[in-house]
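Remarks on the structure that follows.
Every read-out reported here was derived from the displayed coordinates using simple, explicitly stated rules and does not represent laboratory data. Worth saying up front: this structure is predicted, and the values here are computed from it rather than measured. Methodologically, a virtual Cβ is constructed for each residue, glycine included, from the backbone with ideal geometry; neighbour enumeration extends over all protein chains shown.
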C-alpha cells in the first residue's frame, strides 16, 4: 500500500512537471509565432479618415528598415497592464521602433514629456485611469496633442465609439492581426512625416485635416497669424513668438518640430522668403531694398544670400526670369 502511494506521488510529480514544461514551451512558441508573424506582410486595411499610403509602400519601408539593420528612429510608448501582453507587443515593435512601456495610464502620461513618443499605443482597460481617459488627456494638452494615439480593447460595442470620440487616431479590438497593427501605426507615422515634408515645401499649407479643427490646427493658425502680423518687423524673434503664443521655448520647439519637421526659426525665414518672392513677381514698383524691409530683413546682403539659397538665384534674376516667362 505504501509503495502504491509513493508510485502515485511520483506519477503526480512527473505529470505536474510535464504540464508545467509543456505550458512553458507553448508560451515560448506563441511568443515566437507572434514575433515571426510580422513578416511577410499580408493584405490589410487602413483607417479610412486619413490620406493613405499604398500597402506595398508600407511593406517596402518596413522591410528595407529591417534588412538594412537600421536603428529605429521613431518612438512608441506602450501602455499595457498585462505583463505578458506588454512583453509580446514590445517584442513585436522593437525591430522598428524605440519602445518605452508603462503599466498604467498615469505612468504613461508622465513619460510623454521626457520620452517624446511619435505614437502612443494603449489598452483601454487600465487600472485607475482608462486608456480612453489617457487619450482624452493627451488630445487636450496643447504641447502633446499632435501625438497619434492608438487604442485597443476586448469589447467593440462598449468602447470603440467612445475611444474614437476621445480623439483616438485608430482603434483595435482584440484579438487583432499583428500585421494590421504594425501597418496602421506605420501609416500614422508616415502621414505625419508627409505633412512635415509638405510644410518644408509650402510653409503656408492648410493644416486643417480634421473637422472640427484640432489643437494642432489652432496652434498653427495662431502662430501663422502672429508671424504674418510681424512679417515686416526685423526684431521679431522666437522670444516674441513664445510670448505671443503663451508657451515656453521648449514646448514651442518640440511641438513645432513634430508638426512641421523644421525649427520655428527656419519656418519664419521660409515664410518671409515666400512673401518676398510674391512681392518680386507682383509688385514691380518695389525695389529689392524695399522688399527686403517689408519682409523683415534688415540687411539687403543677407536677404539676397538666403533668397539665393532658397530659390537658387538672386532676387533680381528671379524677378527678371518671371517676366521673361510671361513673355
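Per 0.36 nm of contour for each residue apart, how much would the distance between residue 94 and residue 320 grow if the chain were fully extended, relative to their Cα-Cα spacing? Please report the intermediate quantities before stating the final value.
Details: separation 226, 0.36 × 226 = 81.36 nm, distance 5.40 nm.
Contour length minus Cα-Cα distance gives 76.0 nm.
Using the basic label-point model (7 angstrom from Cα toward the beta carbon), what is the residue 116 to residue 233 distance in nanometres?
So the two model labels end up 2.8 nm from each other.
Show me the ranking of peptides 246-253, 113-120, 228-235 by mean Cβ neighbours inside 10 Å, starting with the highest. The partial results should precede the final answer.
On the way: 246-253: 14.5, 113-120: 18.6, 228-235: 12.9.
Sorting 246-253, 113-120, 228-235 by mean packing, highest first, produces 113-120, 246-253, 228-235.
At residue 128 and residue 165, where each label point lies 7 Å from the Cα along Cα→Cβ, what is the point-to-point distance in nanometres?
Label-label distance for residue 128 and residue 165, simple model: 2.6 nm.
Under a plain spin-label model, where a point goes 7 Å from the Cα along Cα-to-Cβ, how far apart in nm are residue 248 and residue 274?
So the label points at residue 248 and residue 274 sit 3.1 nm apart.
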